[in-house]
Structure formats: C-alpha cells, structure tokens
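The values are calculated or read from the model by the stated rules, or taken from the named source; none is laboratory data. Owing to the predicted nature of the structure, the values given are computational and were not obtained by experimental measurement. Note that each Cβ is placed from the backbone with ideal geometry, even for glycine, and that neighbours are counted across all protein chains shown.
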Amino acid sequence: MSGFDLVAAGPGMGREQSATDTAEDSVAPGNPSVTALREHFAEAVFRNRICAGDEDVVYVDPERITDILGWLHEDADQQYDHLADVTAVDYGGGRPLEVVYQLWSIPHRAALRVKCELPLDGLAIDSVTGIWAGANWLEREVYDLFGIRFNGHPDLRRILMPDNYAEGHPLRKDFPLRGRFSRAEQTRRALTQDPEDYYVPGEIAERIPQVVETGSGAEGAAAGADDV
Amino acid sequence: MGLDKPGVLGSGTPAFLTTRLDFVVNWARRNSLWPMPFGTACCAIEMMASAASNYDLARFGMERMSFSPRQADVLICAGRVPYKLAPVLRRIWDQMMQPKWCISMGACASSGGVFDVYSMVQGIDTIVPVDVYIPGCPPRPEGLIYGLMMVQEKIRGESLANHAALRAEDPLAAGRPRADDEEVSDLTGPFGNSTHQNRVSGLVETDAIGRAEDRLP
C-alpha cells in the first residue's frame with residue numbers, strides 16, 4: 001500500500017502494525033522503571049514497547065492508573081515528579097482511545113510514557129490531579145477535545161471550546177472537520193456567549209484563596225491589635 | 001479683515017481659507033485614522049512592522065495604535081478569529097465610536113483562509129461590517145498601508161449630507177451577527193468566502209457554492 005492508498009482507506013487503516021493489535025508483549029526496556037513497574041504491578045502492566053529508538057512506552061491497566069502513577073511519583077528509585085503532558089490519541093476505526101501520560105524524572109533525568117487504553121463505551125479514568133496538581137488543565141483539555149471523563153477531577157469542564165459548545169468533542173475521529181452545525185448556527189451560537197463569562201473576577205478569587213500572612217514581630221503584633 | 005497679519009500663504013495673503021465643509025471634515029478624518037489593532041496571528045506581526053519605523057504608519061495619520069476601542073477610528077482585524085473570539089470582536093466593534101471603519105487583514109480574517117474547520121469564523125464579515133479586505137498570507141506592510149489608503153479614499157467620497165445613512169447603526173444589532181443565516185451560508189461555503197468573493201466578482205466561474213452537500217459536514 002502506498003501512502004495515498006492509506007489516505008483513501010480512511011482513519012485507522014494501515015495501522016495493523018500498531019501496538020493496539022499485534023505488538024509483542026514485551027521488549028527489553030532501556031528504562032529500568034519499566035522492569036520495576038513489571039515487578040510491582042505484574043498483572044496491571046499489559047505490555048511495553050520502545051518508540052522512536054529509545055522512548056519507553058508502557059501500557060497499563062486504566063483501573064489502577066492512580067496506583068501506578070502514584071508509585072512512579074513517590075518511589076525513591078523513580079521520582080517522576082514532572083508530568084510533562086497528558087493527552088489522548090484516537091486511532092479511529094472503533095479502536096480504543098489511548099490516554100497518554102508523559103512523565104519526566106528530574107532527579108534521575110529519565111522519561112517514561114504511560115498509556116491506558118479506554119474502550120469507546122467506557123471513556124472514563126481516574127484523575128491524577130491528586131498526584132500532580134498540574135494535571136488539572138491537561139485533563140480538562142483531554143475531556144474537552146476527546147470526551148474522556150476524569151473521575152475525581154476538581155473542576156472538569158471545557159477549557160478550549162466555548163462553555164456552550166454542543167457539537168461534541170472535536171478531536172475524535174468521528175467528528176466532522178467543519179463541525180456538526182451549519183456555519184450560520186455556529187455563528188449565532190458564538191455570538192450568544194458573553195466574553196466575560198471566561199474572566200469572572202469572583203471565580204478567580206474563589207479558586208485562589210487569598211492568604212494574608214500575619215508576620216511575626218512588632219508589625220505582626222500591631223496588625224493583631226488592629227484585628228481586635 | 002486680517003489682511004495686515006501674516007497670512008497662511010505668507011505675508012500679505014489672507015489669514016483665512018474658504019473650503020467646503022465636507023472637504024475639511026473628510027480631510028481631518030482621513031488624516032487622523034487611529035487604528036484599533038485586533039491582532040490574533042502572524043498578520044499582527046506585519047501590522048506591528050507597518051507601525052514601526054521602517055514603514056511608519058504615522059506618516060499617513062495612523063499616529064498611534066489606539067488600544068482603547070473608544071478612541072479608535074479603524075478596526076484592523078489581523079489574523080484568524082475563532083468562534084470563541086467572535087463575541088469579543090463584535091463587542092470591540094460595538095464599543096468604537098462613529099465614524100468608524102473596519103479592515104480585514106489577511107486571508108484568515110477575510111475568508112477563514114486555510115482554516116475551513118469547526119472552530120474558525122469563515123470571514124469576519126459575518127460578524128462585523130468590513131470596508132476593506134487585504135489579501136495575503138500575511139500581507140506585507142505595503143499591503144496594509146495600501147488598504148488604509150483605500151479607507152482614506154473611501155472617506156474622501158463621504159459627505160455630511162448622507163452621513164446619517166452611511167453611519168446608521170441599529171442599536172438592537174449590537175452583539176449580533178452582521179449577516180443573516182442565508183448570507184452566512186453563502187459566505188462560508190466550501191473554501192470559505194473566497195469562493196463567494198470570486199463569484200460576486202463575476203470574473204471567475206464556479207459552481208462550488210451551488211453544491212449544497214458541501215456546505216454541511
């Protein structure tokens with residue numbers, strides 16, 4: 001098949017060699033974390049492979065994602081303290097969606113990619129915001145564009161598309177390029193939004209608690225006196 | 001009579017000029033066009049280059065970029081506008097004082113450009129009325145300056161006699177799309193409203209707009 005045939009065949013075709021179908025269960029990892037993961041979570045680590053020469057990818061059980069990523073974050077030999085990205089991939093053709101966690105260990109200078117496959121009729125996974133607070137907006141983006149729900153997320157709502165967007169989740173393979181509504185309807189809906197809905201001062205104040213520290217010493221004592 | 005004072009054309013000439021009111025009003029308006037920059041993409045880089053010293057828009061009366069819409073005369077929409085930004089663009093246009101003009105700079109602002117996708121406004125003329133479209137991806141500063149000079153030409157032809165008709169605005173239209181549904185469908189057919197502009201130009205034969213199945217996904 002040439003590249004043009006693949007285009008004509010539609011999304012997801014020509015990927016028979018992808019990990020989703022026929023990858024070998026295990027290849028020798030270049031990253032010691034993969035071996036350690038297999039020891040600790042034997043049944044939850046489905047397979048691993050190496051991408052682009054030296055990037056280790058581990059496919060794990062979505063049910064145990066918070067255990068696995070929490071362990072990778074906490075364990076002294078792993079210390080993946082930086083969550084570089086959370087994203088998702090839709091290969092189309094009814095294949096499961098993959099949620100991708102791109103990890104980086106600052107102390108060990110090691111990268112690891114963890115993937116979870118979610119079936120199309122069960123697009124939900126536990127949130128990792130409890131492990132990395134920075135996952136908050138990344139998971140919102142994945143929810144917005146792929147429709148994957150993150151259980152336990154503190155604020156799961158759209159982040160890129162408008163709040164009143166009703167056409168679905170744009171990066172899914174079954175989403176038409178120009179959207180589901182006519183251009184006239186899209187224009188009308190767009191102008192019904194209030195731009196200030198996205199920048200509500202009260203909401204910002206509510207989400208970022210204003211902590212007023214009372215200093216020690218003379219100034220603190222004076223301030224304390226004023227409080228009474 | 002003022003003949004004893006130094007005159008406008010030198011000593012001994014009159015210290016006053018007579019002119020048509022239309023001319024002097026238009027002269028003042030077209031030589032003090034303060035732009036409201038609405039730069040969202042790479043076109044804004046060219047717009048900044050136009051305002052910088054090498055091209056120096058100030059020579060033509062665009063003395064400064066007015067970052068407050070209330071003190072601006074011409075809205076320069078430079079770059080692609082997603083639907084989420086459409087109400088912002090409309091509100092800025094509503095906030096500008098009359099008389100006001102609008103320039104759609106670049107392919108994306110004029111027709112959606114290559115972004116014929118779910119998230120992108122297919123030409124800002126569906127949102128606000130546009131006076132001058134500048135083609136290019138992005139246009140060079142010369143293009144922007146030429147577009148602004150076309151606005152100046154347009155002002156030259158205006159008259160206070162038809163000012164009310166030219167500048168009439170429906171207060172109920174604030175915050176609403178400029179084009180009705182039929183016109184939006186027409187403007188945003190396949191390949192954006194560049195196809196529409198080709199058709200109305202009469203210079204290019206195309207039946208692409210007529211294929212209704214292309215309009216919807």
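Annotations for the structure displayed:
- When each of B:Ala78, B:Ala15, B:Ala86 is tested for being small (Gly, Ala, Ser) and under 21 Å from B:Leu144 (Cβ atoms), the lone residue that passes is B:Ala78.
- Checked against the criterion of being closer than 25 Å to B:Ile92 by Cβ, within 14 Å of chain A (Cβ to nearest Cβ), at pLDDT below 80 and surrounded by fewer than 16 Cβ atoms within 10 Å (Cβ to Cβ), the candidates B:Ala165, B:Ala174 yield just one match: B:Ala174.
- Within the set B:Met65, B:Met47, the sole residue that is crowded, with 23+ Cβ neighbours inside 10 Å and either touching a strand residue (DSSP E or B) at 6+ places or on another chain (Cβ under 7 Å) or not polar (S, T, N, Q) (or both) turns out to be B:Met47.
- Restricted to segment A:42-137, the set of strands (runs of 3 or more DSSP E) holding at least 3 residues that are closer than 20 Å to A:Asn151 by Cα and among the β-branched types (Val, Ile, Thr) comprises A:82-89.
- Check on B:Pro139, farther than 26 Å from A:Thr192 by Cα and either touching a strand residue (DSSP E or B) at 6+ places or on another chain (Cβ under 8 Å) or modelled with pLDDT under 95 (or both): yes
- Filtered by the rule that a residue be more than 21 Å from the chain's Cα centre (by Cα) and surrounded by 15 or more Cβ atoms within 10 Å (Cβ to Cβ), segment A:156-166 gives no residues.
- Taking segment A:167-219 as the range and being of a type in the set (Val, Ile, Thr), surrounded by 10 or more Cβ atoms within 10 Å (Cβ to Cβ) and at pLDDT below 85 as the test, the residues that pass are A:Val200, A:Thr214.
- Qualifying residue in segment A:150-166 (condition: at the interface with chain B (Cβ under 9 Å from one of its Cβ atoms), under 26 Å from B:Ile92 (Cβ atoms), of a type outside the set (A, V, I, L, M) and without any contact (Cβ under 8 Å) to a residue 40 or more places away in the chain): yes
- Put simply, of B:Pro190, B:Pro217 the only residue that is within 14 Å of chain A (Cβ to nearest Cβ), within 14 Å of A:Arg183 (Cα to Cα), touching a helix residue (DSSP H, G or I) at 6+ places or on another chain (Cβ under 8 Å) and modelled with pLDDT under 65 is B:Pro190.
- You will find that of A:Leu120, A:Leu160, A:Leu112, A:Leu97, the residue that is under 30 Å from A:Gly53 (Cβ atoms) and out of contact with any Ser or Thr (no Cβ under 6 Å at 6 or more places or on another chain) is A:Leu97 and no other.
- Matching residues in segment B:37-60 - criterion: being assigned to a loop (DSSP other than H, G, I, E, B) and touching a Pro at 6+ places or on another chain (Cβ under 6 Å): B:Tyr55
- Only one entry in B:Tyr83, B:Tyr133 is within 16 Å of A:Arg188 (Cβ to Cβ) and aromatic (Phe, Trp, Tyr), namely B:Tyr83.
Results for (1) modelled with pLDDT under 90; (2) in contact with a Ser or Thr (Cβ under 7 Å, 6 or more places away or on another chain); (3) within 14 Å of another protein chain (Cβ to nearest Cβ), shown as yes or no for each residue.
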| residue | (1), (2), (3) |
| --- | --- |
| B:Val81 | no, yes, yes |
| B:Leu89 | no, no, yes |
| B:Gln98 | yes, no, no |
| B:Met105 | no, no, no |
| B:Ser111 | yes, yes, yes |
| B:Val130 | no, yes, no |
| B:Tyr146 | no, no, no |
| B:Gln152 | no, no, no |
| B:Ile155 | no, no, no |
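- Residue match in segment B:15-28 (condition: touching an Asp or Glu at 6+ places or on another chain (Cβ under 7 Å) and either in a helix (DSSP H, G or I) or at pLDDT below 90 (or both)): yes
- Which numbered condition A:Ala184 fails, given (1) closer than 30 Å to B:Glu182 by Cα; (2) more than 10 Å from every other protein chain (Cβ to nearest Cβ); (3) not β-branched (Val, Ile, Thr): (2)
- Selection from segment B:15-36 of residues that are within 20 Å of B:Pro69 (Cβ to Cβ), surrounded by fewer than 19 Cβ atoms within 10 Å (Cβ to Cβ), out of contact with any Pro (no Cβ under 8 Å at 6 or more places or on another chain) and not small (Gly, Ala, Ser): B:Trp34
- Top-ranked residue in segment A:168-181 [being without any contact (Cβ under 8 Å) to a residue 24 or more places away in the chain and more than 8 Å from chain B (Cβ to nearest Cβ); ranked as farthest from B:Gly175 (Cα to Cα)]: A:Gly168
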